[in-house]
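**Student:** Below are the structure tokens for one structure; questions will follow.
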Amino acid sequence: MSRFKLFRLKNQMFFFNLIAISIGVSTIFILSYRSISPPTPEIERLTFRLALFFEPLAFMFIVAATLLFEHPIRRYLNFMGRKEAIPPEIAIKARQRLLNEPFFMIAIDFLLWLAAAAVYPISYYTYKAGEMIIGRALFQNILIGLITVTAAFFILEFVLQKLMVPYFFPNGGLYVTPKTLRIRIRTRLAALIIACNLIPFFAIIVILRGTYRADLDPAQLLDLLRPTLLANAIFGISVGIGLTILVSGNITRPLKEIIRVLKRVRDGYFDQKVRVTSNDEIGYTGDVINEMTEGLKERDKMRQSLELAKEVQQNFLPKTDPQIAGLDIAGQSIYCERTGGDYYDYLDLGDQHQGKIGIVVGDVSGHGISSALLMASARSSLRQRALLSGNIAQIISDVNRQLTRDVEESGRFMTLFCSEIDTRSQRIRWVRAGHEPAIFYDPATKIFEELKGPGMALGVDESWQYEEKQKLGLTRGQIIVFGTDGIWEAHNGKGEMFGKESLFEVIRQYAESSAKQIVAAIMDALNRFRHGAIPEDDVTLVVVKIVT
């Protein structure tokens, strides 16, 4: 930052405040100095002597008060000019002073002209200038104060937003800065009302105070008064139009900025922020939108992570259904979220080419990433343990021991149904670890049977020893269905539950079809039943049909 730019930043508020004071004095000079009863030469000389005394003191007072108030601001800018790290305490103090400076300067300006409204009338009174001169001096100085305060309000607000805030609040946050006064929208409107109504009203009073005692004919008074009042009206209307344009611009400009960013958000881009420059409700809205876009960016990253997690988890599921002699097998898993806790797998027990396979269906408590991680851990443990010797009861007991140690004190658990189908011995063995029983259907007898058995969910008690159950006499056409409760506990929009009877009916109706067709029929019936209702749970289904 150059020295000139640093100097300009340090003194901008003071310089533009002097402009506001000049506007007040010039306005009174234009509208009210040409009085129909002008002051005598003696009063003019007294006024000149008072001005030589009062104005330098007033200027020094403004300079001293401004420098004292702006000390933290100037220190902040010095650090910035030297490109040094700004201490947090200095930064906070400087930002508070900057946001409060328009109000401070307005107060100083008004106190200054109140003092003038006391000094000049008292001096005229001491000089025995007369009631009209004293009253006119009082009203003129009060009117200059009102004009100066109003001009300073709009000018300093503009300077603050456009020239100062970007250096002190590059990331917004004006509204949440503590111990600051706010230039609210209603404050702007109140200042606009004062500028367009009260100030012209007081100007007319000042003009009339200089005319009602004039020793002139009423017609002459009216002729002299008419151009003054006309000039006052034109000036008031012009100021009103100009200030209305300025105020509307101060309001619509940040709104356009907000709309610009929201359009980007609507289109899926979260890379831009609202440039917050005002300490009002609109600025606060901009801060909230910036926080929202940051949250949306995090959610978008989370969404991308979930998509990746979904892709990884989908790779955990079997890519194809196994081709086993004497068996027709099909499976499918659908998650209600991007990731889920349902799981199915086909275990290699060493004799698949001879009609032997392990089938596992599991359900982790809950949904989402945590359930998916637990499912992945259980899958890894189960696959590794299945490569070692032992029956499925021993396999599940060992997996439970390891899983319990992994999830202890988390409250997580996993239900599991593990089976071993052997077409050579026409037998199915299974272990039930807190999971819903598999469904066995014999089309010859049209009887459904549930493959039940004792067993606790995995991850609850590491010492639990699981028991193996079996069923002999598997024959051609029989169907075994493994699933999770997301099937029969699915609800539609009316709150009705799909139920196992509906599942039995679909199995019975498609008993002559292939395993893949039965899976598709069950999923289709489930979707028709939901009729657009959002799934509440994951759905996993494996169908095995005996074909020899």
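**Student:** When the residues of region 365-401 are narrowed to those that are under 33 Å from the mean Cα position of the chain (by Cα) and not in a helix (DSSP H, G or I), which ends up surrounded by the fewest Cβ atoms within 10 Å (Cβ to Cβ)?
**Tutor:** Restricting to residues being under 33 Å from the mean Cα position of the chain (by Cα) and not in a helix (DSSP H, G or I), the top hit is Gly366.
**Student:** Residue check: is Phe498 hydrophobic (A, V, I, L, M, F, W, C) and more than 22 Å from Trp430 (Cβ to Cβ)? Walk me through it before giving the result.
**Tutor:** Details: hydrophobic (A, V, I, L, M, F, W, C): yes; more than 22 Å from Trp430 (Cβ to Cβ): yes.
When the stated conditions are applied, Phe498 passes them.
**Student:** Yes or no: Val239 surrounded by 12 or more Cβ atoms within 10 Å (Cβ to Cβ), over 30 Å from Thr293 (Cβ atoms) and either out of contact with any Gly (no Cβ under 8 Å at 6 or more places or on another chain) or without any contact (Cβ under 8 Å) to a residue 12 or more places away in the chain (or both)?
**Tutor:** So Val239 fits the description; yes.
Conditions tested, residue by residue: (1) at pLDDT below 70; (2) part of a helix (DSSP H, G or I); (3) touching a Lys or Arg at 6+ places or on another chain (Cβ under 6 Å); (4) polar (S, T, N, Q).
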| residue | (1), (2), (3), (4) |
| --- | --- |
| Leu6 | no, yes, no, no |
| Leu9 | no, yes, no, no |
| Ile21 | no, yes, no, no |
| Gly24 | no, yes, no, no |
| Ile28 | yes, yes, no, no |
| Leu31 | yes, yes, no, no |
| Ile36 | yes, no, no, no |
| Glu42 | no, yes, no, no |
| Arg49 | no, yes, no, no |
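**Student:** One residue is enough: does region 183-203 have a residue meeting the conditions more than 23 Å from Ala20 (Cα to Cα), exposed (fewer than 12 other Cβ atoms within 10 Å of the Cβ) and at pLDDT 70 or above?
**Tutor:** Here is the first cut: in region 183-203, the ones more than 23 Å from Ala20 (Cα to Cα) are none.
No: region 183-203 contains no residue that is more than 23 Å from Ala20 (Cα to Cα), exposed (fewer than 12 other Cβ atoms within 10 Å of the Cβ) and at pLDDT 70 or above.
**Student:** Filtering region 121-138 down to residues that are touching a residue at least 24 places away in the same chain (Cβ under 8 Å) and buried (at least 22 other Cβ atoms within 10 Å of the Cβ), which residue is farthest from Met80 (Cα to Cα)?
**Tutor:** Selected residue: Ile133.
**Student:** What's the total number of residues in region 502-516 that are more than 15 Å from Asp485 (Cβ to Cβ) and within 47 Å of the chain's Cα centre (by Cα)?
**Tutor:** 1
**Student:** Do we find a residue being in a helix (DSSP H, G or I), touching a Phe, Trp or Tyr at 6+ places or on another chain (Cβ under 7 Å) and not aliphatic (A, V, I, L, M) anywhere in region 91-100? Explain how you work it out, then say what you get.
**Tutor:** Keep residues of region 91-100 that are in a helix (DSSP H, G or I), which gives 91-100.
Going one step further and asking which of them are touching a Phe, Trp or Tyr at 6+ places or on another chain (Cβ under 7 Å), we end up with 91, 94-95, 97-98.
Narrowing further to those that are not aliphatic (A, V, I, L, M): 95, 97.
Yes, that holds for at least one residue.
For (1) in contact with a Cys (Cβ under 8 Å, 6 or more places away or on another chain); (2) surrounded by 17 or more Cβ atoms within 10 Å (Cβ to Cβ); (3) modelled with pLDDT under 90, each residue gets a yes or a no:
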| position | (1), (2), (3) |
| --- | --- |
| Ile428 | no, yes, no |
| Ala433 | yes, yes, no |
| Ala444 | no, no, no |
| Pro454 | no, no, yes |
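**Student:** In region 314-364, how many are buried (at least 18 other Cβ atoms within 10 Å of the Cβ) and modelled with pLDDT under 75?
**Tutor:** Total satisfying the criteria: 4.
**Student:** Let me ask something else. Does Thr177 satisfy the criteria of being of a type in the set (Ser, Thr, Tyr), assigned to a helix (DSSP H, G or I) and either without any contact (Cβ under 8 Å) to a residue 24 or more places away in the chain or in contact with a helix residue (DSSP H, G or I) (Cβ under 7 Å, 6 or more places away or on another chain) (or both)? Talk me through it step by step, then tell me what you get.
**Tutor:** Values: of a type in the set (Ser, Thr, Tyr): yes; assigned to a helix (DSSP H, G or I): no; either without any contact (Cβ under 8 Å) to a residue 24 or more places away in the chain or in contact with a helix residue (DSSP H, G or I) (Cβ under 7 Å, 6 or more places away or on another chain) (or both): yes.
Criteria not met by Thr177.
**Student:** Conditions: (1) modelled with pLDDT of 85 or more; (2) crowded, with 16+ Cβ neighbours inside 10 Å. Leu255 meets all but one. Number of the miss?
**Tutor:** Condition not satisfied by Leu255: (2).
**Student:** Which one of these does Ser514 not meet: (1) hydroxyl-bearing (Ser, Thr, Tyr); (2) farther than 24 Å from Lys494 by Cα; (3) surrounded by 16 or more Cβ atoms within 10 Å (Cβ to Cβ)?
**Tutor:** Among (1) hydroxyl-bearing (Ser, Thr, Tyr); (2) farther than 24 Å from Lys494 by Cα; (3) surrounded by 16 or more Cβ atoms within 10 Å (Cβ to Cβ), Ser514 violates only (3).
**Student:** A further question follows. So which of Ile480, Ile534 is in a loop (DSSP other than H, G, I, E, B), closer than 26 Å to Thr415 by Cα and hydrophobic (A, V, I, L, M, F, W, C)? Working first, answer last.
**Tutor:** Values: Ile480 fails: in a loop (DSSP other than H, G, I, E, B).
Within the list Ile480, Ile534, the selection yields Ile534.
**Student:** Oh, and also: Here is a check on your reading of the model: is Ala115 of a type outside the set (Asp, Glu), in a helix (DSSP H, G or I), at pLDDT 85 or above and over 30 Å from Asn279 (Cα atoms)?
**Tutor:** Working: of a type outside the set (Asp, Glu): yes; in a helix (DSSP H, G or I): yes; at pLDDT 85 or above: yes; over 30 Å from Asn279 (Cα atoms): yes.
Yes: the conditions hold for Ala115.
**Student:** Filter region 441-464 down to the residues that are within 27 Å of Asp398 (Cα to Cα) and part of a strand (DSSP E or B) and list them by number. So that I can check it myself, show each step before the final result.
**Tutor:** Applying the first criterion (within 27 Å of Asp398 (Cα to Cα)) to region 441-464 yields 450-464.
Scanning region 441-464 gives Glu450, Leu451, Leu458.
The values are calculated or read from the model by the stated rules, or taken from the named source; none is laboratory data. Not measured: the values here are computed from a predicted model. Here the Cβ is made from the backbone with ideal geometry for all residues, glycine too, and neighbour counts use every protein chain on show.
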